[in-house]
Amino acid sequence: MLNITILTPEKKLYEGQANSVIVPSVDGSFEVLTNHAPVVAALAQGTITITDAAAKKNKVEISGGFVEVLDNNISLLVQQ
């Protein structure tokens, strides 16, 4: 299970657990699953797709930002 936090400069958009997260990086979208290798990447405009434990998909539109993946924790600092 992944722990995910999505923050903007103004507020916390999302916090919870997920089975997978798809993020739109500047080099193309990629999916983060449990035990993903550590990564820091710049985000492009697009949609973050979060699949929770009940297989429900939550989508967050962003205009850019950064993502850090480390030890099953995903931190996203984004602009909306």
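Of note:
Per-residue answers, yes or no, for (1) more than 17 Å from residue 1 (Cα to Cα); (2) surrounded by 12 or more Cβ atoms within 10 Å (Cβ to Cβ); (3) under 10 Å from the mean Cα position of the chain (by Cα); (4) touching a residue at least 60 places away in the same chain (Cβ under 8 Å):
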residue: 42; (1), (2), (3), (4): yes, no, no, no
residue: 49; (1), (2), (3), (4): no, yes, yes, no
residue: 52; (1), (2), (3), (4): no, yes, no, no
residue: 62; (1), (2), (3), (4): yes, yes, no, no
residue: 67; (1), (2), (3), (4): yes, yes, yes, no
residue: 71; (1), (2), (3), (4): no, no, no, no
residue: 80; (1), (2), (3), (4): yes, yes, no, yes
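- All conditions but one from (1) touching a Gly at 6+ places or on another chain (Cβ under 6 Å); (2) of a type in the set (A, V, I, L, M, F, W, C); (3) not in a strand (DSSP E or B) apply to residue 55; the one that does not is (1).
- Residue that is farthest from residue 2 (Cα to Cα), among those in the stretch 21-38 that are surrounded by fewer than 15 Cβ atoms within 10 Å (Cβ to Cβ) and within 12 Å of the chain's Cα centre (by Cα): 29
A short reminder: the numbers here are calculations on the coordinates, not readings from a lab. If you're wondering where the values come from, they're calculated on a predicted model, not measured in any experiment. Heads up, the Cβs are rebuilt from the backbone with ideal geometry, glycines too, and the neighbour counts pull from every protein chain shown.
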